[in-house]
Amino acid sequence: MSRNCLVCGKKLGILNAKTITSDGALLCLDDTNKLFGETTGKEHIGIKPTYASWVQKHTSAEIKDLISKNQTAILIAPDRCIGCGRKISAFKATITKDNKRICSNCIHKVFKDQNDTVNAWINNHDSDYFLAYFKNDRSLKAISKDKAEVETLFCPYCNSENVKPLGADKKSFSVGKAAAGAVLTGGIGVLAGFAGKKTGKTDFVCMDCGKQFKR
Ligand SMILES: [Zn+2]
Ligand SMILES: [Zn+2]
Ligand SMILES: [Zn+2]
């Protein structure tokens with residue numbers, strides 16, 4: 001018995017290459033290739049296991065959403081760029097502090113020019129720093145391995161600029177110094193410091209999504 005592709009509706013029989021979502025829906029070969037933005041397999045030969053297992057871990061709703069927005073799925077593996085998911089050798093990649101690889105294309109989306117300062121900044125920061133800017137289409141200018149210039153404050157989760165320092169109304173609060181007793185989320189965390197600010201990170205809260213982050 002044949003069933004249909006969740007995106008294009010094509011009938012898929014036992015001989016058609018396809019992937020299966022976590023909720024048991026089928027995705028045809030063409031749509032699987034589209035989902036990853038590259039050739040993941042061929043008809044009658046099958047689809048590469050890493051791609052098939054990515055589909056297996058995601059729902060048909062998540063996949064429909066990505067394809068409708070013309071976005072591609074990002075494969076996460078130690079030998080892939082954290083921005084675009086493409087395979088990249090350690091020699092060609094710039095390596096983050098937490099040992100993740102970033103390709104030049106993805107670096108160019110955040111930093112206008114790639115140079116030694118940019119590479120040193122990336123080497124000295126966790127991948128989450130970079131990804132917050134990358135995913136929200138924002139740019140950074142590296143000043144040194146520690147500092148980057150940031151034009152505006154924004155929430156790394158929802159990209160809103162409606163953020164304010166956590167505990168700003170407490171008298172113990174001072175800019176440049178973390179508010180005492182502030183609750184930290186374990187997640188995406190810290191972003192680049194302000195230009196010219198010498199020490200310390202400040203906790204901020206997003207007024208739109210309510211999440212907390214450091215800057
Ligand atoms: Zn299809
Ligand atoms: Zn990349
Ligand atoms: Zn937010």
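Only the coordinates and a few stated rules stand behind these numbers; no lab work does. Please read these numbers as outputs of a predicted model, since none were measured by experiment. So basically every Cβ, Gly included, is an ideal-geometry build from the backbone, and we count neighbours across all protein chains shown.
Excluding Leu29 itself, calculate the net charge of residues whose Cβ lies under 15 Å from the Cβ of Leu29, where each Lys or Arg counts +1 and each Asp or Glu counts -1.
Numbers: positive: Arg3, Lys10, Lys11, Lys18, Lys34, Lys42, Lys48; negative: Asp30, Asp31, Glu38, Glu43.
Summing Lys/Arg as +1 and Asp/Glu as -1 gives +3.
From the Cα gyration tensor of region 70-122, with a ≥ b ≥ c the square roots of its eigenvalues, which class applies: rounded if a/c is under 1.5, or else prolate if a/b is larger than b/c, or else oblate? Walk me through the numbers before you get to the answer.
Working: a/c = 2.17, a/b = 1.33, b/c = 1.63.
Oblate shape, in that a/c is at least 1.5 and b/c is the bigger or equal ratio.
Would you calculate the volume per residue, in Å³, of the smallest convex hull containing every Cα atom of region 35-176? Kindly include the intermediate steps, with their values, before the conclusion.
Working: hull volume 21.9 nm³, N = 142.
Cα-based convex hull of region 35-176, divided per residue, equals 154 Å³.
Beyond a 29 Å Cα-Cα separation, which of these cross-linked pairs lie in this structure: Lys48/Lys147; Lys42/Lys97; Lys92/Lys112; Lys92/Lys145? If you can, show how the numbers build up before the last one.
Numbers: Lys48/Lys147 41 Å; Lys42/Lys97 37 Å; Lys92/Lys112 18 Å; Lys92/Lys145 19 Å.
As for pairs spanning more than 29 Å Cα to Cα, those are Lys48/Lys147; Lys42/Lys97.
Give the shape of region 3-68 as rounded, prolate or oblate, defined through the alpha-carbon gyration tensor: a ≥ b ≥ c are the square roots of its eigenvalues, a/c under 1.5 means rounded, and otherwise the shape is prolate if a/b is larger than b/c and oblate if not.
On the way: a/c = 1.40, a/b = 1.15, b/c = 1.21.
Here region 3-68 falls in the rounded category.
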